[in-house]
Amino acid sequence: MSNNCLFCKIVRREIPSEFLYEDDNFIVFKDIHPAAPVHLLLVPKKHVRSINDLKPEDETIISGLFMLAKDMAKDQGINTSGYKLLFNVEKGGGQEIFHIHLHLIGGWKKTAYI
Ligand code: AMP
Ligand code: ZN
């Protein structure tokens, strides 16, 4: 946990957010500035700054995020139409919130444009 981290605050429910999913290790909520009709953020409860900071013991965070992405895509009805999964890594990679998260993006009518 990190005191000043926005996503840690959302995990602790200090900032209101509607969770689409929660378990002991992860939360899922809608991105506040969606880049597509479906844009979810899959967030581990453990504070890890970015992909660069993963330790060997964090392997289950990454595997868990991908397994959860598959389930959330189905839940959102976009598993067969298709979707994108994205990690932004550090400032040059477009990361704005320095608490690791996986973007699940999809729901376009035709082809993905981003
Ligand atoms: P990234 O650029 O990969 O760090 O992604 C951070 C994402 O968090 C951006 O797509 C923002 O739109 C999103 N975001 C920022 N604040 C909130 C919030 N309070 N609730 C939901 N999404 C947020
Ligand atoms: Zn955090």
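Residues that are of a type in the set (A, V, I, L, M, F, W, C) and open to solvent by 50 Å² or more (accessible area, probe 1.4 Å) were ranked within segment 58-77; the one that is farthest from the chain's Cα centre (by Cα) is 67. Annotation note: of 23, 53, 31, the sole residue that is within 13 Å of ligand 1 (Cβ to nearest atom), acidic (Asp, Glu) and at pLDDT 95 or above is 31. Has segment 78-97 got any residue that is in a helix (DSSP H, G or I) and either open to solvent by less than 60 Å² (accessible area, probe 1.4 Å) or within 12 Å of ligand 2 (Cβ to nearest atom) (or both)? The answer is yes; a qualifying residue exists.
Got a sec? Which of 110, 84, 70, 91 is without any contact (Cβ under 8 Å) to a residue 60 or more places away in the chain, within 13 Å of residue 49 (Cα to Cα) and of a type in the set (Lys, Arg)? So the residue among 110, 84, 70, 91 that is without any contact (Cβ under 8 Å) to a residue 60 or more places away in the chain, within 13 Å of residue 49 (Cα to Cα) and of a type in the set (Lys, Arg) is 91.
The values are calculated or read from the model by the stated rules, or taken from the named source; none is laboratory data. Remember, it's a predicted structure, so these values are computed and weren't measured experimentally. Don't worry about glycine lacking a Cβ; one is built from the backbone with ideal geometry, like all the others, and counts go over all protein chains shown. What goes into the accessible areas is simple: the full protein's heavy atoms, side chains included, and nothing from ligands, DNA or RNA. Shrake-Rupley method; radii C 1.70, N 1.55, O 1.52, S 1.80 Å.
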